[in-house]
Amino acid sequence: SDAPRPNLTPADHMTWQKETQSGKARAGWLHTRHGSVPTPTFMPVGTVGTVKGITMDSVRSTGAGIVLGNTYHLMLRPTAERVQRLGGLHRMMDWPGPILTDSGGFQVMSLGPLRKLTEDGVTFRSHIDGSKHHLTPESSTDIQFKLDATITMAFDECPALPATKEVLEASMERSMRWAARSRDAFTARPGYGQFGIVQGGTEQELRERSAKALRDIGFEGYAIGGLAVGEGQELMFSTLDYTTPMLPDDQPRYLMGVGTPDDLLGAIMRGCDMFDCVMPSRAGRTARAYTERGTMNLRNARFAEDTRPLSPDDDSPMAGRYSRAYLHHLFRANEMLGPMLLTLHNLAYYQRLMRQIRAAIMDDTLEELAVTLRHNWSLGDW
Ligand SMILES: Cc1cccc2c(=O)nc(N)[nH]c12
């Protein structure tokens, strides 16, 4: 967005400034040690220090401002100590902008085989070489410090859904104890920050207690965890309806692991500001294009001689240079360039969507934009 940047607020940690609001949707600025980013913002996932298949210059060219890394993957390879010796993630991956790192608990529960969870933390074996590892709120926070993460996530447990209220309650309460230990282990630095993660599944009373526990600890931002784990959009939105108002109005809200363009629109309209999801990049590697008219699978034979661009207003650097037919050929031939071009295209679409939504928040026309977007997404290919 070319909106004038409000002046940076001097602070001993990162700050978020709300610029304007339209309904429950907010437009603001995230000010960090590694630069300022307009919100709402979508964070491309750079799990092991790379947004798979494209250079960080390409990521920057899509308009992305902040990217995500993962404690779980980076601690296993190349290890946090080596990243630190290489000058931290920013220098190692040639990304001077802000980096948010997830804390590892979620990835252990979904990736690491043979894991054991205790009050102290999680013991697990590496999915790479079977070596044994232990993650605690303290060690996760220390790893993120070594990575030089701009935004550090508290170490939490994300329970699999469906789960009984008792299971959700015990898990949430443990995550809150871990949040306090994560905060104690965090090293405050000007322009850096740490986010707490609200848990509690789809139980309003648990979400309420979790949000209060995190506010009492005090963080620079608040993530909503425990969603995007198979509950479905309706239940995710209804959970957001009562959860976002529980969080401080003047601090950023990060909905973890979300989502499709329609998810993002709905979550922004419910007061969320930051998002991450593997969908656009993973889809790019599997021949699925995200466009204003919904998604399309470029392996489909109907594209074999379709000389049109992917979408008429594609503003990625490849805009108008590669036809659907060419992409169809690349994927059929299993050429590297296919996933590279389509990942770039999809991330550029997500960033364009963020800019469109932010502009509509600024001129209070978000309701109208939402109708247009949902209509066009339903059209399918033209
Ligand atoms: C990446 C992600 C997606 C979805 C949920 C979560 C969560 O609850 N906690 C963490 N740390 N990460 C998550």
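The values are calculated or read from the model by the stated rules, or taken from the named source; none is laboratory data. Since the structure is predicted, the reported quantities are computational estimates derived from the model, not experimental observations. Backbone-built Cβ (ideal geometry, glycine too); neighbour counts: all protein chains shown. Just so you know, the surface numbers come from the protein's heavy atoms only, side chains and all, with ligands and any DNA or RNA stripped out. Shrake-Rupley method; radii C 1.70, N 1.55, O 1.52, S 1.80 Å.
Here the 3J(HN,Hα) profile of region 356-373, calculated from phi with Karplus coefficients 6.51, -1.76 and 1.60 at θ = phi - 60°, is 4, 5, 4, 4, 5, 5, 5, 10, 6, 10, 5, 4, 5, 4, 4, 4, 5, 4 Hz, Gly and Pro shown as x.
Around the amide H of VAL198, modelled in the peptide plane, lie the amide H atoms of ALA223, ILE224, GLY225, all under 5 Å away and 5 or more residues distant in sequence or on another chain.
Placing R0 at 41 angstrom, the Cβ-Cβ distance between ARG125 and ARG215 gives a FRET efficiency of 0.70 after rounding to 0.05. In the chain, helices alone account for a calculated mean residue ellipticity at 222 nm of -11500 deg cm²/dmol, with every DSSP H run of four or more residues adding -39,500 (n - 2.57).
How much of the DSSP beta bridge set in the chain is antiparallel, as a percent to the nearest 5? Here the share of antiparallel DSSP bridges comes out near 50 percent.
Projected over all directions and averaged, the alpha-carbon convex hull of the chain occupies 18.2 nm².
Straight-line cross-link reach from LYS165 at under 19 Å between alpha-carbon atoms covers these lysines, not counting any fewer than eight positions away in the same chain: LYS212. Overall, the accessible surface of region 241-382 at a probe of 1.4 angstrom is composed of carbon and sulfur to the extent of 52 percent.
With contacts taken as Cα pairs under 8 Å and at least 6 residues apart, region 243-382 reaches a relative contact order of 26 percent. Taking 13 Å as the cut-off, the amide N atoms of region 108-124 that come nearer than this to a point 7 Å along the Cα-to-beta-carbon line of ALA170 belong to 117-119. Taking θ as phi - 60° and the Karplus parameters 6.51, -1.76 and 1.60, the scalar couplings of region 215-226 work out to 4, 5, 6, x, 10, 7, x, 10, 9, 9, x, x Hz in sequence order, x denoting glycine and proline. Equivalent-ellipsoid semi-axes for region 35-166 (Cα gyration tensor, √(5λ), whole Å, largest first): 26, 18, 13. Computed about its Cα centre, the charge dipole of the chain is approximately 1080 debye, with only Lys, Arg, Asp and Glu carrying charge at their Cβ.
Judged by the mean number of other Cβ atoms found within 10 Å, the most tightly packed of the peptides 163-169, 207-213, 63-69 leads the ranking 63-69, 207-213, 163-169.
Backbone geometry of region 39-55 corresponds, through the Karplus equation with coefficients 6.51, -1.76 and 1.60 at θ = phi - 60°, to 3J(HN,Hα) couplings of 10, x, 9, 9, 9, x, 8, x, 2, 10, x, 7, 7, 3, x, 9, 6 Hz, x marking Gly and Pro.
Against the criterion of solvent-accessible heavy-atom surface with a 1.4 angstrom probe, ILE217, ILE361 sort, most first, into ILE217, ILE361.
In percent, rounded to a whole number, the relative contact order of the chain is 18, using alpha-carbon pairs under 8 Å and six or more apart. Structural descriptor for region 161-209: relative contact order 45 percent, calculated from alpha carbon pairs under 8 angstrom and at least 6 residues apart. Quick check: net charge around GLN251, other residues with Cβ under 12 Å of its Cβ, Lys/Arg +1 and Asp/Glu -1? Net charge in that neighbourhood comes out at 0.
Per residue, region 47-129 exposes 43 Å² of solvent-accessible protein surface, assessed with a 1.4 angstrom probe and all protein chains in place. Solvent exposure of region 315-373 amounts to 43 Å² per residue of accessible area, where only protein heavy atoms count and the probe is 1.4 Å.
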